[in-house]
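Okay, structure first, notes after.
Quick note: the coordinates plus some simple rules give every number you see, no bench work behind them. This is a predicted model, so every value here is computed, not measured. So basically every Cβ, Gly included, is an ideal-geometry build from the backbone, and we count neighbours across all protein chains shown.
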Amino acid sequence: MTSYDPARELGMIDQYYERAGAMFNLPADVMFRPVPDFSAWSAADHLVHLARTNTQIIRSVNQLLEGRGSDGRPTRLGAFLLLAGGIPRRRAQADPAIHPPSQLDRDQARKIWAESLDHLTALAGRTAEISRAAARYKHQIFGLLSAAEWTRFAAIHTRHHLKIAEDIVHIRCGAH
């Protein structure tokens, strides 16, 4: 069984958040308008989705740190994607509960982002506990994940949506 280092994964997420944070200062037509042939969501929508997802992941990790969870394993696909470190584009639909709001504005986006960052910062001091947590919580596609696997998924998912957001920004700015 592969073991993931929560300190490394949370460190990567921190770097991704630093990269993405500056994007909220871009002009509204760059950040808040989708490129329909590329994605139905805008760059800001992708960042808010990943922030909402990370907040939900952190709640799951906290439950696992309290010993609440199940026994089991990731699905074969989940184990492969965790090991590979990537998610193919346009292959899965996010739970509507973590979709961005339909009328997202800059202040709302920044608030959701800041709340997610606060949760991540609080979790960063618990990496040893995350490594030891044995209970598992179910992901809709990846299967039953440990706390360390959830941090791995969070890093992969964050990078995935950050890259899409960056690509949208580049398209909107005319740099292909």
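With respect to the chain, whose longest principal axis is taken over its alpha-carbon atoms, helix 106-124 is tilted by about 20°. Shown here for region 1-72: GluC sites (Glu not before Pro) in loop regions (DSSP other than H, G, I, E, B) with at most 15 other Cβ atoms within 10 Å, namely E66. Projecting the Cα atoms of T55, A94, S116 onto the dipole axis of region 45-126, where Lys and Arg carry +1 and Asp and Glu carry -1 at the beta carbon, places A94 farthest toward the positive end. In this structure the amide hydrogen of K138, modeled in the peptide plane, comes within under 5 Å of the amide hydrogens of L145, none closer than 5 places in sequence on its chain. Model label sites at Q140 and Q93, defined 7 Å from Cα along the beta-carbon direction, differ in position by 0.8 nm.
Restricting the calculation to Cα atoms, the chain yields a radius of gyration followed by a Dmax of 16.1, 50 Å. On the beta carbon distance between A114 and A84, with R0 = 35 Å, the FRET formula returns roughly 0.65.
So, R0 is 35 Å and r is the distance between the beta-carbons of D71 and R33; what FRET efficiency does that work out to, to 0.05? Calculated value: 0.15. Structure remark: mean-square fluctuation, Gaussian network model of the chain, C-alpha springs under 10 Å; the largest value among D14, D45, D95 belongs to D95.
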